[in-house]
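Everything below concerns the one structure shown next.
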Amino acid sequence: MARAPLLQLSGISLTFGGEPVFDGLDLIVQPGDRLALVGRNGSGKSTLMKLMAGLVEPDHGARVLPPGVSVGYMEQDPNLSGFATLGDYATHGLEHGEEYRVEMAAEGLGFDPATPVATASGGERRRAALAKLMAEAPELMLLDEPTNHLDIQAIEWLEGQLRETRAAFVLISHDRAFLRALTRATLWLDRGEMRRREQGFEGFEDWREKIWAEEDAARHKLDRQIKAEARWAVEGISARRKRNQGRLRALAALRAERAAQIRRQGAAAMALDTGPKSGKLVIEAKGISKAFGDNVILRDFSLRVQRGERIAFVGPNGAGKTTLLKMLIGQLPPDTGSVRLGANVALAVFDQTRAQLDPDASLWDNLTGDPEMRVSGRSDQVMVRGAPRHVVGYLKDFLFDERQARAPVRSLSGGEKARLLLARLMARESNLLVLDEPTNDLDVETLDLLQEILGDYDGTVLLVSHDRDFIDRVATTTIAMEGDGKATIYAGGWTDYRAQRGEGAASAEKPAKPKVSAPQPKPEVKKAPQGLSFTEKHRLEALPDEIERLEAEIAKLGELLSDPDLFSREPVKFRKATEMLEQRQTALAAAEEEWMALEEKAAG
């Protein structure tokens, strides 16, 4: 017997400021659904979440929630007014004796429930809201960017909780690894239309590109048809007026159909200009340390950063990643040791707190008010990589329209604020780029573009991020802040770091081989074949792509190391390439072994 839906939206239409956000949208959420909600920044994902939560009323249509079904919503900016501490807020509404759930969630998410609301950061407030939702355990959870402001350890804890829950959930997230690990179906919100695919986020981009290709082919066919009919209208009208009028009406209908089609939002026209080349040595830190009172951030740390490196800093919130970053670029002096910047360094910084933006000023004023972008005597132009540009034209490069130019920054979504900050950053010529949590709130398409730009950037990149997929795609070196003042340097990205620590797929399979030679007190009994678990199925599906990626990287590194002069010309690069080749060969062998083991288990 079919179960009743947990939530149903029928014929939903909503208009803001004269522009329709949704028109006739339908959506059903079934028990057990694990849905990724994806779409461009500004496509209405958060608004749709609020409609699902009952916080926004549609202009037309119906929201149906069966009696007794509980829905929990975690918004991006929770309102904690009226509560003294984060714990007071998180436990509000819980039954007596259930407060321990908040304490467990607080430990996993990494915040102190006793923290006063008045002094809590935005990240701590969001973690309290997430703990509240997890403790309430509703039948349907609506999670809007739950991984923002979480460190990787907290993200992995949350992954584990959501993987084990029996509740249905809908996720908005920019974190590919998070979406791939948890979702079983995908909702794609595109130009007000909702499409559903009964597979998780893995493969979404291929599906999207296929739909867009079909759309482009249909548009091209319609354009050809209009062109042919328009030529006939000019050249082929004869005395048979009645039939001719019918064809003219058909031509008008074709043109109306073409005009009604909504163009896809293009990619932002982002670019980075490396400007003058820095010296080969960009940063040299020798024996630096830092402490705030009894809190030791860093002990006796040394690092040489060469031109062209991409270095990611990872670790728990509060471990000191941003502090180390500031010491390396000269914004904060170390307690001991020394930091030296190389010759001709031109710095550009992306600040995770968005402090460089004035929330009450307009987008226009935020650009023209920047001393480095100001054009003398011209209030309507900004200096972009050495050349003047009109403010509105430059804003359009970052997908803002003319009406938004005079709107206050506080009216923007999180993703739009990140794009505005990138607009300021990319107007500068630089050869050392510092990115502190640049991925927060950006949509998948903009993240892809940012990754490509960083790949082509000739300068050096220092990156703080909790986005594991982004680190894997960008970083050549990872520095792990491991607590108690310890920072360790690892070659490669996040997956390489985990493998070197024995925490990745390679180590996960090592204990899988049973020791048949030694008698066991309790012999292992083979269970009847029951197939793979959800996690194992997901892993089996993901392994071929991982193996292919490792093989490609091994081939690339082998090609690099085949240069007979590399060792004498660039010994550091030779050493790192050799280390990375060995790590990837080890990871490949482990991935192939894991794939074979899962294939055997799947075959039963």
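Values in this text are rule-based calculations from the coordinates and carry no lab data. The shown structure was predicted, so the numbers you read here are calculated from the model rather than taken from an experiment. FYI the Cβ positions are ideal-geometry reconstructions off the backbone, even for glycines, and counts take in every protein chain you see.
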Taking a quarter of the surface of the Cα convex hull of the range 7-206, what do you get in nm²?
11.6
Given +1 on the Cβ of Lys and Arg, -1 on the Cβ of Asp and Glu, and no further charges, what dipole in debye does the range 1-98 carry about its Cα centre, rounded to the nearest 20?
300
Cα centroid separation - the range 334-375 against the range 139-193, whole Å:
32
Mind checking which aspartates and glutamates have their Cα closer than 17 Å to the Cα of K326? Skip sequence neighbours fewer than 8 apart in that chain.
E284, D300, D335, D351, D436, E437
C-alpha center-to-center spacing [the range 199-219, the range 70-117] in angstrom
40
Cross-link list K280/K576; K45/K210; K286/K556; K321/K576; K486/K556: which exceed 25 angstrom alpha carbon to alpha carbon?
K286/K556; K486/K556
